[in-house]
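For reference, the structure discussed in these notes is given below.
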Amino acid sequence: MLKIAYTKAHGRGELDLLLTELAYRFKELGLETRGIVQINSGCETERHCDMDVQVLPDGPLIRISQYLGKEARGCRLDPDALATAVNEVGRSLKTPYDIFLLNKFGKQEAEGGGFRDLLAEAAASGAVVIAGTNPLNADAFSKFSGGTATCVDATIDALLEWFDSVNTT
């Protein structure tokens, strides 16, 4: 049985904070976590935050956004930095782990790139997989999981309860 879930949040940075806290909680429980969580900075002074990802459990912090100017409206994702993050996470999967967290199943993953292959590898290994997504990509995530993913409320308690439920069956 695949142990795969996704959660959605609408607020700016809400999902990033939630999954970062979840990674911390799993670490406190003594569980080995792999993947990435996102840490935003500069939100207080800029219209667009800088987006950094922390490679779990204690890998590098990688800036995945690029500055396109104050009035830029397009996607600010830096594809080279994303590829670096994917490679770093891929290397981390060579050691045993319990959980794979992905800050966002986004456009790259929905189109077959980004962390998609690593998500599949983690799910196939028997690890628990939890990914954040937005409403635009939730259907793509469900299709990716073959309809087996569970949508879990975007709260620490709900995610921990779901985790406990899949680890006792």
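The values are calculated or read from the model by the stated rules, or taken from the named source; none is laboratory data. This one's a predicted model, so the numbers in the text were calculated from it and none came from an experiment. Note that each Cβ is placed from the backbone with ideal geometry, even for glycine, and that neighbours are counted across all protein chains shown.
Note on the stretch 18-55: residues that are in contact with a Lys or Arg (Cβ under 8 Å, 6 or more places away or on another chain) and either assigned to a strand (DSSP E or B) or modelled with pLDDT of 95 or more (or both) total 5. Out of all the residues in the stretch 91-113, is one or more among the basic types (Lys, Arg) and within 15 Å of the chain's Cα centre (by Cα)? The answer is yes, given that some residue of the stretch 91-113 is among the basic types (Lys, Arg) and within 15 Å of the chain's Cα centre (by Cα).
Can you say whether ILE130 is of a type outside the set (Lys, Arg), at pLDDT below 95 and in a strand (DSSP E or B), as far as the supplied structure shows?
no
Exactly one residue among LEU118, LEU101, LEU136 is in a loop (DSSP other than H, G, I, E, B) and out of contact with any Asp or Glu (no Cβ under 9 Å at 6 or more places or on another chain), and that residue is LEU136. Among the candidates SER125, SER145, the residue that is of a type outside the set (A, V, I, L, M, F, W, C) and closer than 16 Å to ALA110 by Cβ is uniquely SER145. ASN103 meets the conditions (1) of a type outside the set (Phe, Trp, Tyr); (2) closer than 17 Å to GLY13 by Cα; (3) at pLDDT 95 or above in every case but one. The failed one is (3).
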